[in-house]
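Chemist: Provided herewith is a single structure, encoded as structure tokens, for subsequent inquiry.
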Amino acid sequence: HDVLSGTPIYVFHGVVPSNPLITTLEEKLKPYIFHFLDSIAIIKLWIQLMIPKVEDGNNFGVSIQEDSLAEVRTLETDVTQYLDLTYKYLISRGELVKKVA
């Protein structure tokens with residue numbers, strides 16, 4: 001009379017479904033994010049090319065361009081951090097699946 005008792009055992013069948021809401025949102029947002037990052041790169045390059053050489057006096061325009069460039073870099077950092085969070089979620093999920101398997 002062999003009866004197992006105690007902690008239930010989970011049998012892994014090789015497939016762990018993703019959260020459909022997260023998958024859908026990621027699929028819809030990712031193209032926009034990559035397009036946004038490409039646009040940021042173009043804007044950064046354009047601002048850098050428009051900054052005149054350092055000359056005597058009247059550097060007010062240059063300071064505005066440098067401030068604008070700093071703001072664009074901040075946006076780029078924020079968007080890149082969002083992508084990092086997305087990838088960290090997927091890595092964490094993979095680690096949990098690996099532990100269950």
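Chemist: Please find the FRET efficiency linking Leu90 to Ile42, where r is the Cβ-Cβ separation and R0 is fixed at 25 Å, and quote it to the nearest 0.05. Each step should come with its number before you reach the end.
Modeler: On the way: r = 28 Å, r/R0 = 1.13.
About 0.30, to the nearest 0.05.
Chemist: How large is the Kirkwood hydrodynamic radius of region 20-100, in angstrom, based on all distinct alpha carbon pairs?
Modeler: 15.4 Å
Chemist: Run the numbers for Phe60 and Val100: contour at 0.36 nm per residue of separation, minus the present Cα-Cα distance, in nm. Display every interim value, and only then the final one.
Modeler: Details: separation 40, 0.36 × 40 = 14.40 nm, distance 6.03 nm.
Extending this stretch completely gives an extra 8.4 nm.
Chemist: Give me the one-decimal nm value for the distance between modelled label points at Arg73 and Ser18, 7 Å along each residue's Cα-to-Cβ direction.
Modeler: 3.4 nm
We did not get these values from a lab; they are worked out from the coordinates using the rules stated. Every value quoted in this text rests on a predicted model; they were computed, and no experiment measured them. With ideal geometry, Cβ positions are generated from the backbone for all residues, glycine too; neighbour counts draw on all protein chains shown.
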